[in-house]
1. Amide H neighbours of Y4 under 5 Å, counting only residues 5+ apart in sequence or on other chains, H built in-plane at 1.01 Å?
2. How big is the charge dipole of the stretch 41-112 about its Cα centre, in debye rounded to the nearest 20, if each Lys and Arg gets +1 on its Cβ and each Asp and Glu gets -1 on its Cβ?
3. With charges only on Cβ, +1 for K and R and -1 for D and E, what is the dipole size of the chain about its Cα centre, in debye, rounded to 20?
4. Tally up the carbon and sulfur contribution to the accessible surface of the chain as a whole percent, 1.4 Å probe, everything protein left in place.
5. What is the Cα centroid distance between the stretch 7-58 and the stretch 154-199, reported in whole angstrom?
6. Mind checking Rg over Rh on the chain, alpha carbons, Kirkwood formula for Rh?
7. Taking Cα atoms, how many degrees apart are the long axis of helix 169-180 and the longest axis of the chain, rounded to 10 and kept between 0 and 90?
8. What residues have an amide H closer than 5 Å to that of G116, excluding those fewer than 5 places away on the same chain, when H is modeled at 1.01 Å from N in the peptide plane?
Amino acid sequence: MFEYLTGAIVDTAPTYIVIDVNGVGYRLACANPFRWQVNPSDKIKVYVYQAVREDAITLYGFVSAEEKQLFMQLINVSGIGPKSALAILANPDHQGLIDAIANDNVGYLTKFPGIGKKTAGQIVLDLHDKIDQLRANEPLDFNVPASDSEMTTELRDALAALTALGYPERSVKKVQKALSKEPTMSTDDYLRQGLRLLS
């Protein structure tokens, strides 16, 4: 039902964050809640997965579409539920996880809590081909996106212009990371540099 929520992070706890969206607080279970910075004045996008059971409806939050995609692949593995998937994703080396699955490295996977050799083998069996497809597309992004306050007005305007020109959100996010490392420039200079990066 939910793809993402855009709002302010108002609370973090060991297992969840709370995001305020237009006065409604959504509690999202997360792998690493303290990656998020509590700042009620900043709006940020959090990708969401909704799990519905007979006795509960739970929302899970992710820093990027890529992390959500990896989570959804993990919970499709026999023996892996949402809590186990979050425990696996709590390890910040997500690229190492992807490489281990692609290279049939069962030993690496058994390092995760609650993952024995049988379950690790099942992860490799179920996800090997899918992970290869992910790796072939482009490097995955597991970083918390920058909040609006971390960008200059000029950079924000330039990114909005790139979006208006029809560039995909994922591409604009990558450009944002590159441009945010540059010395402060005018909107036009940011836009020209962004177009160069996108081409």
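1. For Y4, whose amide H was placed from the backbone, the distant partners under 5 Å are V48.
2. Roughly 160 debye for the stretch 41-112.
3. For this selection, approximately 340 debye.
4. Taking all protein chains in place, the chain shows 50 percent carbon and sulfur surface.
5. 28 Å
6. Rg/Rh: 1.01.
7. Its long axis makes an angle of about 60 degrees.
8. Answer set, sorted by chain and number: none.
The values are calculated or read from the model by the stated rules, or taken from the named source; none is laboratory data. Please read all numbers here as calculations on a predicted model, not as lab measurements. When we count neighbours, we look across all protein chains shown, and the Cβ atoms used for this are built from the backbone with ideal geometry, even at glycine. Calculation scope for accessible area: heavy atoms of the full protein, side chains included, ligands and nucleic acids excluded. Shrake-Rupley method; radii C 1.70, N 1.55, O 1.52, S 1.80 Å.
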